[in-house]
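J.: Take a look at the following structure, please.
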Amino acid sequence: MPYASAYTQGLAELCRPVELIGKGSFGSVEKVVFKDNKTYALKTIHCHSPRTQELAKGEVCYHLQISHPNIVKVYKVEIDFTQNVSYLLMEHCKGGDLRSILREHQRNGTRLPVETAWSYFIQLGRALHYLHTPAPKSGSILRGALMHRDIKPDNILLADVQKTEIRLADLGFMKRIPPGTKVEGEFMGTISHMAPEVILREAYDEKADLWSLGCVAYEMLNGRHPFLGQDYKRVLETHRLGSYFDPPDYARDFELAGIIDELLCRNPRERLTMDDLMKKPGFKSRMLEHNLKIHKLSMERLQGQLKEQIAQHKQDIAARNATLQDLRRKLEENALEDVALATNARRLEKIRNGAILLARYRAKRTRSRIAGILEKISEIEPATGFNGAGSRRQEQKSLAQPAPSSLDVVNNGSSEPSFGNTDSPTSENEVALGTPHAFNEPPLMEAFPFNVVTAIHHHHPEIDGDVRIMADFPVGATEVAYTEIGAVRSPGYVSDTPYRPTLARPNDIGKMA
């Protein structure tokens, strides 16, 4: 059931025009694409007069009331009272209309196949039977018989490309009549397909639609219009005389030709009604065959749709399986990477722990070796001190003190480290040869920064000067670096062999001493 709303905004703006299907005096029909990306037909009705406004409102109301598989479906309706325009968003019939098919056969010198003519005739008859049957009084919509009043090939649309299903369209001239009543003298419809009583402005009822149905059936069977003239005067004269081009072609199909004769009866009292038509043996048998054919086509169409859905599901399943396999492969790769990272992390942890233990051991061993060297130096000193007894006692006292845990790191806050006793003055000709020297270390030692520890001064008898012993230790008390050994000359020192600083490890200091 379509939805109608007065003052609804933007139905035309929500549609993207594709092409013009048809244009008339009251409006136009366009092929459009709606916002849901589906194709529809948008019918625009311009209501410039009170009469056209009444017809447009009637068409909207009738579309809201009816629903039949052989009547065109309307999905949305918009009435713009400010612009006097009505919009109907309808289903798009891809096969065109019956008029274009009949003209194509005329150009080719052929006629519509009898089976196709029967199929269209049965579907059109079912639609008219639905309209002419009053709704039950207990229903939500109380109505009598609905007359279409403009049945012609132009208003019979083909719903599909295969051109097997028809849709009755254009309900603008539709009128409801209570049971047992007639319309008095309303001249409405297309002259070429008007019933004689309508042209003569006599009272008429739904049997006028049966006359129009007979005209359409005649065109489908014989390939041309049944009467001589197309203008009003010629048609009026033809109806009065009851003259035909030719009678219906009984040779093509006897049953359909006989029904056409009964439909094109000038006297409406002798004309068939839709109930009479539905009870005709030939029509009933053909309708049963048509229904079976429609069900068969529906089953084939459903099977085709199911096959397409199954194929689509198979493609989706294959795509999902491929995606799952890709994800599984990536997860396995990530898991292997995680295992490798965890293994490397454990290995590095072991290396770090072992390096720390080794560094602690080597630092402890280095401290013990330095202590032994200092003891050897103190043993070879002469009995008389170089700077007097007081300085010797103070120096021995400082040697007796244990080495600090940080290996006597001296840093007075400046950017350069301090060596030894910074309070003692240095003579002018004193040469400081004990600068720290960096050597290539194993990769384990590159991660540890180095600090310079204190330089310990002791008197050396052979060079008559103080030996400055220096050692570079990394932060964290790890591997001991190479050390440069130097001497501070005293004034008046004379030697044939000049003293040269020697590079040595800490455990070589005792040998030099």
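J.: Test of understanding: ordering 149, 329 by Cβ neighbours within 10 Å, fewest first, what list do you get?
T.: Working: 149 24, 329 10.
Fewest to most other Cβ atoms nearby, the residues stand as 329, 149.
J.: Hey, another quick one. Is there a quick way to get the dipole size of region 145-224? I mean about its Cα centre, with the Cβ of Lys and Arg at +1 and of Asp and Glu at -1; what is the value in debye to the nearest 20? Please report the intermediate quantities before stating the final value.
T.: Details: 10 positive and 13 negative charges, 5 e Å.
Result for region 145-224 is approximately 20 debye, rounded to the nearest 20.
J.: Here is a further query. Count the net charge of all other residues whose Cβ sits under 13 Å from the Cβ of residue 334, scoring Lys and Arg as +1 and Asp and Glu as -1. Working shown, then result.
T.: Working: positive: 328, 329, 330; negative: 326, 332, 333, 337, 338.
That sum, taken over residues with Cβ under 13 Å, equals -2.
J.: Let me ask something else. Would you mind ranking 60, 183, 161, 74 by Cβ crowding within 10 Å, fewest neighbours first? Spell out each step's value before the answer.
T.: Details: 60 21, 183 18, 161 10, 74 26.
Sorted ascending by nearby Cβ count, the order is 161, 183, 60, 74.
J.: Of the listed pairs 38/279; 31/296; 38/163, which have alpha-carbon separations greater than 32 Å here?
T.: Working: 38/279 40 Å; 31/296 30 Å; 38/163 20 Å.
Correct reply: 38/279.
J.: For region 1-92, what are the per-bin percents of Cα-Cα distances with bins 5 Å wide, up to the bin holding the maximum?
T.: Cα pair-distance distribution for region 1-92, in percent: 3, 14, 26, 26, 21, 8, 1, 0.
J.: How do 47, 61 rank when sorted from fewest to most other Cβ atoms within 10 Å of their own Cβ?
T.: On the way: 47 21, 61 15.
Ranking 47, 61 by Cβ neighbours within 10 Å, fewest first, gives 61, 47.
J.: Given labels modelled 7 Å from the Cα in the Cβ direction, how far is it in nm from residue 31 to residue 305?
T.: Going by the 7 Å Cα→Cβ label model, 2.2 nm.
J.: State, to one decimal in nm², a quarter of the convex hull surface area for the C-alpha atoms of region 95-279, i.e. the direction-averaged projected area.
T.: Working: hull surface 43.6 nm².
For region 95-279, averaging the hull's shadow over all directions gives 10.9 nm².
J.: For the pair residue 80 and residue 321, how long in nm is the line joining their label points, each one 7 Å along Cα→Cβ?
T.: Distance between the two pseudo-spin positions: 5.5 nm.
J.: Something else about it: Rounded to the nearest 20 Debye, what is the dipole magnitude of region 95-279 about its Cα centre when Lys and Arg each give +1 and Asp and Glu each give -1 at the C-beta? It would help to have the intermediate numbers written out before the result.
T.: On the way: 25 positive and 27 negative charges, 71 e Å.
The dipole of region 95-279 has a size of about 340 debye.
Each value in this text was obtained by applying a stated rule to the coordinates, not by laboratory testing. These figures come from a predicted structure and were not determined experimentally. Ideal geometry is used to build each Cβ from the backbone, glycine not excepted, and the neighbour counts take in all protein chains shown.
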